[in-house]
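To start, the structure under review is shown below, and the notes come after it.
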Amino acid sequence: MDKKQAEKRIKELREKTEYYANKYYDEDKPEISDFEYDMMMLELRTLESQYPELITKTSLTQKVGGHVKEGFKKVEHEVPLQSLQDVFNFDEIEAFDERVKKEAKENNIEAPKYVVETKIDGLSAALEYQNGIFVRGATRGNGLVGEDVTENLKTIKTIPLELPEKINITVRGEVFISKADFEEMNKEREENEEELFANARNAAAGSLRQLDSKITKNRPLDIYIFNVQKIEGKEFNSHFEELEYLSKLGFNVNPVRILCENKEDVIKAINKIGEDREKLTFGIDGAVVKVDNLKLREIIGTTSKVPKWAIAYKYPPERKETILKDIVCQVGRTGVITPMAILEPVKVAGSTISKTTLHNEDFIKEKDLRIGDTVIIQKAGDVIPEIVEVVANKRTGQENEFIMPRKCPVCGAEAVREEGEAAVRCTGIECPAKLYRNLVHFVSREAMNIDGLGENIIGVLLEKKMINNIADIYDLEFEDIASLKKNGKKFAQNLVDSINRSKQNDLYRLITALGIRHVGVKAAKVLAKKFNTIDNLSKASVEELSEIEDVGTIVANSIKEFFEQEQTKDLILRLKRAGVNTVRIKDEEEDNRFEGKTFVLTGSLEKYSREEASNIIEKFGGKTSNSVSKKTSYVLAGEDAGSKLTKAQNLGIQIITETEFEEMCK
């Protein structure tokens, strides 16, 4: 490849790596595998080494990926949180060893020892302690400047908030989610009809970089500490000694740390970690080799991006061939119908794989999967088995194409795929597969608000077959409820009262409770105000519904399809018979002072939560939006308002403070 061709390819690789790095580090939504990204970076590094005059400071070979997310305070790292140079074979390990031994010999230092550790697949963070008290924590960011995530880190139980010694120390660790917790998280997200996390690393990163620490607290984050960044009043000779000291201080130190006398021991350690990686409770994306002697480290030095005294060995993904025996469909709690591959059992990365999700019909078409195909599978992120491709040259002509069902395989209701979506969903509100989820939503605070009828009680009622559909809630009797708990009379009376109160709810709550696709509280209020009764809404045409602002064709079709189902008609009839209100309750004097006005909320509000402010705006006939546009009427700005405030200023949109907002609401 001549220089002109190399320059063109380098430009392409830089654009691609920047794009994929942004998806990985900043959005926590990777679009390609780590291996594919690593191969791009390897090609880029190779070309730049051949043509060093083409190297620029902005190339990802020269800097750490990642930026500071809007909404977080910036933290300048006193000691940079650098990345690591990746290697992919043992020849590169030997070359690294030769460079280190040369430096040691030239400086009269004994033959180097190494520490080999697991390269944990998570998000790097620095923890700062003053007088033994945890005072600040930050993400790596771009290595020089990170995000202040102190409050979020405090929710991680394995981070000590106070050390046994009153020392000033900054340590570095990797925040991660264990394999078991990751699988459980994705299972719950699938049931809740939420987008699945691509891998455990991005799940951990997305969880730690939440602006609301309450969300982080509910995520199963953990951390392993692997380095002393800075310490006052103590000196160490070796990295292994540092790690032992950190462990004594109570830190959760990387459990896999192997002291090696030479390169042969290093290669053995790497192979051992590779053999045992399936047994590890946490995901790894390689093994890290570090010079143990801290004085030698200082002599060897660093580049602007990576230390020259450490490297990361990356394991190639293990792939195996097997047979796609069948494709079956499962119905989740939210009605999403997911195709599942039934495979000839095969062992991959230490686990026997006999089935895996095929996500949706687009995935099947994209891979051109047919029942009977020979396929190649691998484990993504050491956790999730996935089909990579079909071995087309092994087709016999006996393979069968798969057709996604258009009827729910559980209840027989229409299964629809909306425009712009990949998922096919069951539309039946009484589908047994969806019943638990539908019940939980129906009684929730924003819907019918039946206090006392929580998830556990609903589970017991279903298990005992005391309810078989939503309307059965209103047939529950005092004695039945009291039998659920020891001395349950008070509980039963409170729940009966709550169920009876829910019969008097306004129409918008019932519409919300029905769980119509795309219809939340805000849309339910608009629909209730427009149609006044559930009967009027159920008879509305797609055209009538589409004319309503913020409804549109997709939502209109969803509403129409929902009310056309026999299951829906049956439920509405039973609710009416039970005495549930299906008519809008009009306020004596409706105040629509914000009618036709759109508010955007940005920054931290002191006197209101976002939800409280939104409710006030909607109460007065206004609406809220997440993005600033020419249609925005006001931007309500709190502290640390970011890009939304800037955009509003550029567009000349009126910006109001909390005090001004309060005056408008009087």
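Just so it is clear, none of the values below were taken in a lab; they were calculated from the coordinates. Everything numeric here is computed off the predicted structure, so don't read it as measured data. Note that we place each Cβ from the backbone using ideal geometry, even for glycine, and neighbour counts take in every protein chain shown.
Here are a few things to note about the model shown:
- For the range 409-464 versus the range 507-526, the gap between their alpha-carbon centres in whole angstrom: 14
- Protection proxy ranking, highest mean first, for peptides 545-553, 312-320: 312-320, 545-553, where packing is the per-residue count of other beta-carbon atoms within 10 Å, averaged.
- Förster-model FRET efficiency, 60 Å R0, Asn393 and Lys248, C-beta, rounded to 0.05: 0.55
- Rounded if a/c under 1.5, otherwise prolate or oblate - the range 362-410, Cα gyration tensor axes: oblate
- The GluC sites (Glu not before Pro) of the range 594-634 that DSSP puts in a loop, and whose beta carbon has at most 14 other beta carbons within 10 Å, are Glu595, Glu606.
- Taking the chain and dividing mean pair separation by its residue count, relative contact order in percent (alpha carbons under 8 Å, at least six apart): 9
- For the range 323-429, the set of trypsin sites (Lys or Arg not before Pro) satisfying both a DSSP loop assignment and a count of at most 12 other C-beta atoms within 10 Å is given as Arg406.
- Point-to-point label distance, Leu144-Asn168, nm (Cα→Cβ direction, 7 Å offset): 2.4
- The Cys residues in the chain with no partner Cys Cβ within less than 4.7 Å of their Cβ are Cys260, Cys329, Cys665.
- Listed by Cβ neighbour count within 10 Å, with the fewest neighbours leading, Phe363, Phe402 appear as Phe363, Phe402.
- In the chain, a dipole from Cβ-located charges (positive for Lys and Arg, negative for Asp and Glu) runs towards its positive end, and of Val75, Val521, Ile267 it is Val521 whose Cα lies farthest in that direction.
- The range 422-577 - convex hull of the alpha-carbon atoms, volume per residue in Å³: 108
- Residues Met340, Met40 in ascending order of nearby Cβ atoms (within 10 Å, fewest first): Met340, Met40.
- Taken along the Cα-to-beta-carbon direction at a fixed 7 Å, the label points for Ile554 and Leu484 span 3.6 nm.
- Per-residue ³J(HN,Hα) for the range 457-465, Karplus 6.51 cos²θ - 1.76 cosθ + 1.60, θ = phi - 60°, Hz, x for Gly and Pro: 5, 4, x, 5, 4, 5, 4, 7, 6
- Sites Lys279 and Thr158 - FRET efficiency at Förster radius 22 Å, r taken between beta-carbons, to 0.05: 0.60
- Sequence-distant aspartates and glutamates (8 or more away, or on other chains) whose Cα lies within less than 16 Å of Lys490: Asp451, Glu477, Glu479, Asp480
- Greater than 31 Å apart at Cα, pairs in Lys16/Lys179; Lys3/Lys647; Lys530/Lys576; Lys279/Lys485; Lys434/Lys647: Lys3/Lys647; Lys279/Lys485; Lys434/Lys647
- Gyration tensor (alpha-carbon) shape descriptor, the range 495-610, a/c threshold 1.5: oblate
- Where labels lie 7 Å past Cα in the beta-carbon direction, separation of Glu264 and Lys576 in nm: 8.7
- Relative to one another, the C-alpha centroids of the range 330-390 and the range 567-587 are positioned 43 Å apart.
- Note on Lys325: aspartates and glutamates with a C-alpha under 16 Å away, same-chain residues under 8 apart excluded, are Glu344, Asp368, Asp373, Glu386, Glu389, Glu399, Glu401.
- One chain, two ends: Ala180 and Glu344. Fully extended at 0.36 nm per residue, the span grows by 56.6 nm beyond their Cα-Cα distance.
- Between Ile133 and Thr46, the contour length at 0.36 nm per residue exceeds the Cα-Cα span by 26.8 nm.
- Candidate aspartates and glutamates - alpha carbon under 16 Å from Lys8, same-chain residues fewer than 8 apart omitted: Glu18, Glu43, Glu48, Glu53
- Cβ crowding within 10 Å, taken as a proxy for footprinting-reagent exposure, orders Val135, Val289, Val375 from fewest neighbours to most as Val135, Val375, Val289.
- Applying a threshold of 30 Å to the alpha-carbon distances of Lys465/Lys539; Lys272/Lys320; Lys486/Lys569; Lys314/Lys367 flags Lys465/Lys539; Lys486/Lys569 as lying beyond it.
- Per-residue 3J(HN,Hα) values for the range 216-229, derived from phi via the Karplus relation 6.51 cos²θ - 1.76 cosθ + 1.60 with θ = phi - 60°, read 4, 4, 8, 9, x, 7, 9, 8, 10, 8, 9, 7, 8, 7 Hz in sequence order (x marks Gly and Pro).
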